[in-house]
Amino acid sequence: MADDPEIAINKDRASSRETPTGSTARMSRRFEPRHDVETNAVIHLINLAADVSGHILDLSLGGCHIRTDRRFPVGIFRRVEVEFRIEGLPFRLGGVTQAIYDPFNVGIRFLDLSDRKREQLLQLIAEIEKSEQSLDQETQAPITHDPVEKALCKPRSNEPGP
């Protein structure tokens, strides 16, 4: 069972997939790519009338991963609302705790998003993808104003060597 080739293939597929934009995003059993973000968040525990502060580490249309400032007090499948602000836009999205990675890391699956909230989240993710593409392009082509450095950074021509 440990040497099952189907399991190995699925692990390879789950660890990294090509997104429609061409960049590799971390994915596992998810349908949407996760995007690295760093912003403050508050998890509102609906049935307990309690809040847990933390930071969103990644975000997708389906949910997010949050690192909490203190030990997360409940387990999986608990109703929550996640409140955060990115790009100046406030969000408060309903969901459920889907995974507890350790006492300070929780995965939230968004549930029952209204059409308006879903559209806002789609627009935010489009902006994040646009930023990621800009960063990818900047790291591929060094920007320099020094003529000597520009000459050194030019791609080689297809001339035969000596």
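Looking only at region 57-72, which residues are surrounded by 21 or more Cβ atoms within 10 Å (Cβ to Cβ) and without any contact (Cβ under 8 Å) to a residue 40 or more places away in the chain? If the condition is that a residue be surrounded by 21 or more Cβ atoms within 10 Å (Cβ to Cβ) and without any contact (Cβ under 8 Å) to a residue 40 or more places away in the chain, then 72 is the only one that fits.
Results for (1) at pLDDT 80 or above; (2) in a loop (DSSP other than H, G, I, E, B), shown as yes or no for each residue.
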residue: 117; (1), (2): yes, no
residue: 123; (1), (2): yes, no
residue: 132; (1), (2): yes, no
residue: 137; (1), (2): no, no
residue: 142; (1), (2): no, yes
residue: 151; (1), (2): no, no
residue: 159; (1), (2): no, yes
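The set of residues in region 45-56 being surrounded by fewer than 19 Cβ atoms within 10 Å (Cβ to Cβ) and either touching a Leu at 6+ places or on another chain (Cβ under 7 Å) or on the phi < 0 side of the Ramachandran plot (or both) consists of 45, 46, 47, 48, 50, 51, 53, 55.
The residues on offer are 34, 71, 26, 13, and the sole one that is among the basic types (Lys, Arg) and at pLDDT 95 or above is 71. A count restricted to region 73-83 and to residues that are buried (at least 18 other Cβ atoms within 10 Å of the Cβ) and either under 17 Å from residue 32 (Cβ atoms) or among the small types (Gly, Ala, Ser) (or both) stands at 1.
The values are calculated or read from the model by the stated rules, or taken from the named source; none is laboratory data. No experiment lies behind these values; they were computed from the predicted model shown. Cβ coordinates were reconstructed from backbone atoms using ideal geometry, including for glycine residues, and neighbour counts include every protein chain displayed.
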